[in-house]
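A short write-up of the structure that comes next.
The values are calculated or read from the model by the stated rules, or taken from the named source; none is laboratory data. These numbers were taken from a predicted model, which means no experiment stands behind them. Cβ coordinates were reconstructed from backbone atoms using ideal geometry, including for glycine residues, and neighbour counts include every protein chain displayed. These area figures cover heavy atoms from the full protein model, side chains too; ligands, DNA and RNA do not enter into them. Shrake-Rupley method; radii C 1.70, N 1.55, O 1.52, S 1.80 Å.
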Amino acid sequence: EMQRSLVGSEMCIRDRNVIKEALDLRDRYGGTVDVIGFGPLSAEDVMKETLTYGIDDAFLISDSQFADMDVSQVAKIVAAVIKKLGPYDLVLCGRQAIDGDSAHMASMTSCALEIPLIAYSDEITEMKDGSVFATCMGDQMAYKVEAKTPAMILSIREKNKNRFPSVPDIMKTYDGTCLLYTSPSPRD
């Protein structure tokens, strides 16, 4: 298994796709988009990069005591931060990270949050009346799924075209608007 310390701090393409999808949903339905990262302080640049795409807030959970945690422990901490940040309709997750590469984060986080998980979503087709509708990919077929919100979406969508950073968002980002926290209770 790859050691997390050997993986550089860069955003993987799956995360860029999820950010694009979240921003598209915000454009369509309103609301806000926050990004939560988990890792060493060197990941601050990645969190700042997310802000250049127009994310509302970026939160980095970082503490040396978290260094050797397994994915189930990380999921519980991320879930605690999500709860602390307040009400939400959707939590979007990429298929898997480039460090641990386990693809378990979405399922474990949705369990910790006690919310439904729509796995392998290729597209979120609609949100209405307290439900989210998505098209998911199965063995050589697509199927439609509905879940009550709040819900978690494990996105496999890879055909999104990335958004490009805007100059105002880049200026705002590097004025120090990234929020860094070393505990799972960011808004205390």
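What to note about this one:
- Each residue was assigned an accessible area with a 1.4 Å probe, and for residue 146 the value is about 110 Å².
- Ranking of 11, 105 by solvent-accessible surface, largest first: 105, 11 (1.4 Å probe, protein heavy atoms only, all chains present).
- Estimated distance in nm for a label pair at residue 133 and residue 70, the labels positioned 7 Å out from Cα along Cα-to-Cβ: 4.0 nm
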